[in-house]
Amino acid sequence: MIYLATPFIARLYGPSALGAATVFLATASILAPLLTLRMEFLIPSASESEAGWISRRALKIVLCGSLIAAIVYSVCSEPFDIWHGLAFWATSGSLAAAAVSIQMLVRQKKFRRIGLGKIANGVGQVGVQIPVGILSPASRGIEFGFAAGYLATWGVQAFRARPQAPREPIERARRRALMASAYKLAIAGAMNAVCVWSILISISIFGSVEDAGVFSAVQRLLVTPVGLVTASLLPVVTGGVAQAVRSSRPYAGVLRNWLLLLAPIAMVAGVVLAFIPETLLIYILGEEFLGAGNYLAALAPMIVAQILAGPLGQLLVATGHSTTQLLWDSGRFLIIVVAASVCGALGVGSVAMTWTLSLIFALSYFVFVALLIVFAKRGGSSPTSRLDV
């Protein structure tokens, strides 16, 4: 629904409003890992009592952190708008809370409920953005749509994402170990979120909000299908590997099967992207989005690599290699920040910057897959016995 609604939303609001709203979503998404401390990543492979404790602790942090973040966001916004601040609170808080609930559903293999949450997100976003855009194109309709969509996602997922085991006390040493691992994951998650949104943020800083709007429209058209693949397969892949790890069984076979499935899909996607003409994009989005084809070509390497690596994105943590995940995120973060800063200082333009960062993304994803293969061949490790390797 989000994918099909993109042309209507682009025509209703225009590049400037779309760019500003996407920066709004990027800010909320970057905060989400900090709001949960990425504790949800520990849920799939934890024991039953630990999973319940992690879930409750993470949701308490989300409730307090999202309120503080919304207040700071509202104070820093120009001009001050209380409704905009409330939309940010709902968006950031529900994004973080949904991340916790989805991991409980992964653990319990309730994938149907995850799918229903995605449907609720599409209905909530589109159901608000299009009517508000028709009635008042100059409003914050896109932002309110984000808030409605992610609130609906969390509501649907949380309904079935309850711990199955009764509460049991967790030893203090174990709680400290869980929190220590969570802090690493929070740092890694924040850097990863910055990287995910780095192209948009770089364009908005070194270019213009209109350029960011054109880019975000293309990104929605390209990344949304990839997001559907990733969102659909990520819980299944993570759940299968985590179950093997909990049972102390090798997971190399599971990883190999997924790579054999995803590699052809990625190659076909690359071929399709190479033959999409810019005239088609302009026809879909409108004349205001002239130049969209340049961003499409520049994003192709990243999209291909993301299709291959995206569904595997939680496997380093699920197999007990949280330090490796942190090092990988840190390395990619530093390279992207340096590259974006150099491109901005040289004034190479938004398209050249997109090409540069897209290629860096593609290379980093291939390194990520290589790390997974190496650890799988070594036999993996059990995060139930130790959280880090």
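The values are calculated or read from the model by the stated rules, or taken from the named source; none is laboratory data. Computed from a predicted model, the values in this text were never measured in an experiment. Reconstructed Cβ throughout: ideal geometry from the backbone, glycine too, with neighbour counts over all protein chains shown. Surface areas here come from the heavy atoms of the whole protein model, side chains and all, with no ligands, DNA or RNA. Shrake-Rupley method; radii C 1.70, N 1.55, O 1.52, S 1.80 Å.
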(message) Between (i) 155; (ii) 126; (iii) 177, which entry matches volume of the Cα convex hull per residue in Å³ as derived from the coordinates of this structure?
(response) (ii)
(request) Grab the beta carbon distance between SER248 and LEU4, set R0 = 41 Å, and tell me the FRET efficiency rounded to 0.05. (result) 0.35
(message) At most 14 other C-beta atoms within 10 Å and a DSSP loop state: those are the exposed trypsin sites (Lys or Arg not before Pro) I care about. Give me the longest piece of the chain that has none.
(response) 168-377
(request) Within the set of other residues whose C-beta is less than 14 Å from the C-beta of GLY349, count the net charge using Lys and Arg as +1 and Asp and Glu as -1. (result) -2
(message) For LYS60, give me every one of the aspartates and glutamates with a C-alpha distance below 15 angstrom, ignoring sequence neighbours fewer than eight places off in its own chain.
(response) GLU40
(request) Please give the calculated 222 nm ellipticity per residue for the chain, where each DSSP H segment of at least 4 residues contributes -39500 (n - 2.57) and the sum is spread over every residue; nearest 500 deg cm²/dmol? (result) -28000 deg cm²/dmol
(request) Give the peptides 235-244, 129-138 in descending order of average Cβ contacts within 10 Å, highest first. (result) 235-244, 129-138
(message) Multiplying the sequence separation of SER77 and THR323 by 0.36 nm and subtracting their Cα-Cα distance, what value in nm do you get?
(response) 85.0 nm
(message) For the pair ARG172/VAL337, report the inter-label distance in nm, with labels modelled 7 Å from Cα in the Cβ direction.
(response) 3.6 nm
(request) Determine the dipole magnitude for the chain: charges of +1 sit on the beta-carbon of Lys and Arg, -1 on that of Asp and Glu, nothing else is charged, the reference point is the Cα centre, and the result goes in debye to the nearest 20. (result) 1960 debye
(message) If I stretch the segment between PHE111 and LEU273 completely, what's the gain in nm (0.36 nm per residue apart, minus their alpha carbon distance), one decimal?
(response) 55.3 nm
(message) For the chain, take the longest principal axis of its alpha carbons; what is the angle in degrees between that and the long axis of helix 292-309, to the nearest 10 within 0 to 90?
(response) 10 degrees
(request) Compare ASP329, ASP211 by solvent-accessible area with a 1.4 Å probe and give them largest first, with all protein chains kept in place. (result) ASP211, ASP329
(request) Whenever you get a sec, compute what percent of the accessible area on segment 249-318 sits on carbon and sulfur atoms (1.4 Å probe). (result) 72 percent
(message) What does the C-alpha gyration tensor say about the overall shape of segment 37-125? Classify as rounded when a/c is under 1.5, otherwise prolate if a/b is larger than b/c, or oblate.
(response) oblate
(request) Assign one of three labels to segment 123-270, namely rounded, prolate or oblate, based on the Cα gyration tensor with a ≥ b ≥ c the square roots of its eigenvalues; rounded applies when a/c is under 1.5, prolate when it is not and a/b is larger than b/c, and oblate otherwise. (result) prolate
(message) If you roll a 1.4 angstrom probe over the protein chains with everything in place, what fraction of the accessible area of segment 47-93 belongs to carbon and sulfur, to the nearest %?
(response) 75 percent
(request) Specify the angular offset, from 0 to 90 degrees and rounded to the nearest 10, of the alpha carbon long axis of helix 141-158 from the longest principal axis of the alpha carbons in the chain. (result) 20 degrees
(message) So, for the chain, what is the accessible surface per residue at a probe of 1.4 Å, expressed in square angstrom?
(response) 43 Å²
